[in-house]
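Participant: First, the structure itself, so that you have it in front of you.
The values are calculated or read from the model by the stated rules, or taken from the named source; none is laboratory data. Keep in mind that what you see is a predicted model, and the values were worked out from it rather than measured. As a convention, Cβ positions derive from the backbone with ideal geometry for all residues, glycine included, and neighbour counts pool all protein chains shown. Ligands, DNA and RNA are stripped out before the accessible areas are found, and what is left, the full protein with its side chains, is counted by its heavy atoms. Shrake-Rupley method; radii C 1.70, N 1.55, O 1.52, S 1.80 Å.
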Amino acid sequence: MSMNTQGRPTSPGEAGEGAHKTFTGNKGLAMEEALLFEIGRTDITGVDLDEPDEFEPELGSLARKDPVELAALSEPEAMRHYVRLSTKNYAIDSGLYPLGSCTMKHNPRLNEKAARLPGFGDIHPLQPLSTVPGAVDLISELGHWLMVLTGMSAVAMSPKAGAHGELCGMMAIKAAHIAAGRDPKIVLVPESAHGTNPATAALLGYQVVAVDAREDGTVDPGEVQARIAEHAGNVAAIMLTNPNTCGIFERDIIEIAAAVHEADAYFYCDGANFNAIVGKAKPGDLGVDAMHINLHKTFSTPHGGGGPGAGPVVLSDRLAPFAPLPFIRAGKDGPVLVETEAGTEGGEKPFGRMTAFHGQMGMFVRALAYMKSHGSDGLKQASEDAVLNANYVRVGLEDLMSLPFGSRWCMHEVLFDDTFLKDTGVSTLDFAKAMIDEGYHPMTMYFPLVVHGAMLIEPTESESRASLDLFVATLRDLVMSAKRGETERFSGAPYLAPRRRLDETRAARKPILKWERPAPQSVQPEAAE
Ligand SMILES: *Cc1c(COP(=O)(O)O)cnc(C)c1O
């Protein structure tokens, strides 16, 4: 296959071997889109600017001598370029998106409308407070509902994503230990945890001690007690996800929380899976001291390739004083935004700040719009539907695919392992790639690490029964095909995608982030496959 200097195919129709070749490289009406630098020209512009008046440049010897050589397109070309790029992003708005753990949440258009209201969309974080009381009210009201829904006492709104929220919560925990004259060094993290949990603990200088999972995929309070006893006096916190990453509710969570508190340690709950329990259980009732809420996974907003995240952190009474700046305090004339140490009062001992400003305003608007349009009954039903949908998929597939922890109720996502693919010559990766040919974004693969060849499926609660039926039927067809030995359907998949199997490791380890102008005389190099 011939490649350009950026490692992208150049000659016609090479997007899929064996597929029908085309002269343009386009497939039907799906366009191959080159980089702006490859299609643009440096000698044209899409804008017609007035000639500037005579002026004396003040840059002296610093004035640029060579042209900038930015590639430009005509206006219609520029529009087409960006419109085509926009269609390459697979999103929950294009189809079922069963990416487990990531909770690809439905994002009602109403939220978008609210987020674009000029009073929210056009404000600036450095505007005088007197000009944005409505925005402060909105942040305050959203924070209020987050505390109500979680049963917690304080909230830090500024963290920008789940992982950032983890860092914030753990920094509050560290500050609380230091304030109490302690300096424990260990954080307990169950094996099934999301990678961000141990990474957060390590970033703060903690040593991570793993807690083994039980046969049924949950954490054993006995194990937690044993680890605490082993490291007596030196455990700062446990970081636990509930419902956990295997899609199972940790039934012994109260006992675990009690053991942790008994040891003067804190319970950090990874709240990424809050979508499964909103309106059903309050983390505050379960003994949680700090929990981030991925607004993008629970209260809508497209995320990942589709938009930013937001990770407010709710805190228990014990941690509330350490909430970072800026925070909002209820004042007698409405909410007061506290932005600096000088504005703190009484027991407020903020550990510092996480970000320059107040958080992701656009997401706050979307989250509050989502909450208010659903109401408490609607939020509860969304959780119930998320769990129902995952169990519908589980029941539809459990006779053909293997459940590592046996047939039992799952929460909002269902975890399969690769036992059902044994002796078929098809791997989890192959299976996922074949889903792409069928028009489905694959489920989460190889996570959590506690089961072999994991496939974690999380259907959005807004999927209809018809849509789930088609998804289940497609997966059943794929499983039967694998079992019949039709390995070709899998080994080369995806056959129909614009790109086939990419070297994902190389792409992650050695990304080409800079466009290099091809050498002038050279013809496109013929690179061997
Ligand atoms: C998504 C997720 C995170 C990280 O959240 P981001 O918003 O992506 O930073 C942490 N833990 C779990 C269990 C998750 O699913």
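Participant: When the distances between all Cα atoms of the range 111-256 are binned every 5 Å from zero, what whole-number percent does each bin get?
Facilitator: Going from the shortest bin to the longest, the percentages are 2, 8, 14, 16, 17, 14, 9, 8, 6, 5, 2, 0.
Participant: Considering only DSSP beta bridges where both residues belong to the range 111-369, give the percentage that are antiparallel (nearest 5).
Facilitator: That works out to approximately 40 percent antiparallel.
Participant: Another question, then. How much of the DSSP beta bridge set in the chain is antiparallel, as a percent to the nearest 5?
Facilitator: So the antiparallel bridges amount to about 55 percent of the total.
Participant: Length gain on complete extension for the stretch E504 to L400, per 0.36 nm per residue less the alpha carbon to alpha carbon distance?
Facilitator: So the extension gain works out to 34.5 nm.
Participant: Which shape class, rounded, prolate or oblate, goes with the range 10-136 when its Cα gyration tensor gives a ≥ b ≥ c as root eigenvalues, a/c under 1.5 marks rounded, and past that a/b bigger than b/c marks prolate?
Facilitator: oblate
Participant: Mind running the shape call on the chain? Use the C-alpha gyration tensor, a ≥ b ≥ c as the square roots of the eigenvalues: rounded below 1.5 for a/c, prolate if a/b tops b/c, oblate otherwise.
Facilitator: oblate
Participant: If you average the sequence gap of Cα pairs under 8 Å that are 6 or more apart and divide by the length of the range 376-509, what percent do you get for the contact order?
Facilitator: Relative CO of the range 376-509 lands at 28 percent.
Participant: Go through 409-417, 294-302, 112-120 and give me the packing order, highest mean Cβ count within 10 Å leading.
Facilitator: 294-302, 409-417, 112-120
Participant: In terms of Cα to Cα distance under 12 Å, which aspartates and glutamates are near enough to K372, apart from those fewer than 8 places away along the same chain?
Facilitator: Straight-line reach from K372, under 12 Å: E141.
Participant: Further question: If you filter the range 318-385 for trypsin sites (Lys or Arg not before Pro), then keep DSSP loop positions with at most 16 other Cβ within 10 Å, what is left?
Facilitator: R318, K332
Participant: Shifting gears a bit: Within the range 224-282, list the trypsin sites (Lys or Arg not before Pro) lying in a DSSP loop whose Cβ has at most 14 other Cβ atoms in a 10 Å radius.
Facilitator: In loop regions of the range 224-282 (DSSP not H, G, I, E or B), the sparsely surrounded trypsin sites (Lys or Arg not before Pro) are R251, K280.
Participant: Highest mean first, how do 474-480, 462-468 rank when packing is the count of other Cβ atoms within 10 Å averaged over residues?
Facilitator: Going from most to least packed, we get 474-480, 462-468.
Participant: Additional query: Spin-label point model (7 Å from Cα, Cβ direction): what's the I178 to L49 distance in nm?
Facilitator: Modelled inter-label distance: 4.9 nm.
Participant: Now for a separate question. Using a cut-off of 14 Å between alpha-carbon atoms, which aspartates and glutamates can reach K282, once sequence neighbours fewer than 8 places away in the same chain are excluded?
Facilitator: Cross-link targets: E250, D270.
Participant: Over the chain, with every protein chain in place, what whole percent of the accessible area is carbon and sulfur at 1.4 Å, could you tell me?
Facilitator: Of the solvent-accessible surface of the chain, carbon and sulfur hold 56 percent.
Participant: Can you run phi through the Karplus equation (6.51, -1.76, 1.60; θ = phi - 60°) for the range 408-415 and list ³J(HN,Hα) in whole Hz, with x for Gly and Pro?
Facilitator: 3J(HN,Hα) across the range 408-415, in whole Hz: 7, 4, 10, 8, 7, 8, 10, 9.
Participant: Please identify every one of the GluC sites (Glu not before Pro) in the range 182-226 that sits in a loop by DSSP and has no more than 15 other beta carbons within 10 Å of its own beta carbon.
Facilitator: E191, E215
Participant: Between A34 and L203, take the C-beta separation as r, use R0 = 51 Å, and let me know the FRET efficiency to the nearest 0.05.
Facilitator: For R0 = 51 Å, the calculated efficiency reads 0.85.
Participant: Separate question: Sticking with the crude label model, points 7 Å out along Cα→Cβ, report the distance from Q381 to V68 in nm, one decimal please.
Facilitator: The modelled label-to-label distance comes out at 5.3 nm.
Participant: Under 5 Å between amide hydrogens, which residues at least 5 positions from V338 or on another chain qualify, with H placed 1.01 Å from N in the peptide plane?
Facilitator: F327, I328, R329
Participant: Moving to a separate point now. Can you spot the lysines whose alpha carbon is less than 20 Å from K21's alpha carbon? Ignore those fewer than 8 places along the same chain.
Facilitator: none
Participant: Something else: Count the lysine pairs in the range 38-193 whose Cα atoms sit under 24 Å apart, keeping only pairs 8 or more residues apart in sequence or on different chains.
Facilitator: For the range 38-193, qualifying lysine pairs total 7.
Participant: Restricting to DSSP H runs of at least four residues, report the calculated mean residue ellipticity at 222 nm for the chain, -39500 (n - 2.57) per run over all residues, nearest 500 deg cm²/dmol.
Facilitator: It lands at -10000 deg cm²/dmol.
Participant: Also, I was wondering about something else. Multiplying the sequence separation of Y90 and H261 by 0.36 nm and subtracting their Cα-Cα distance, what value in nm do you get?
Facilitator: Full extension of this stretch gives 57.2 nm more.
Participant: State in Å² the accessible area per residue of the range 265-391; use a 1.4 Å probe, count heavy atoms of protein chains only, and round to the nearest integer.
Facilitator: 36 Å²
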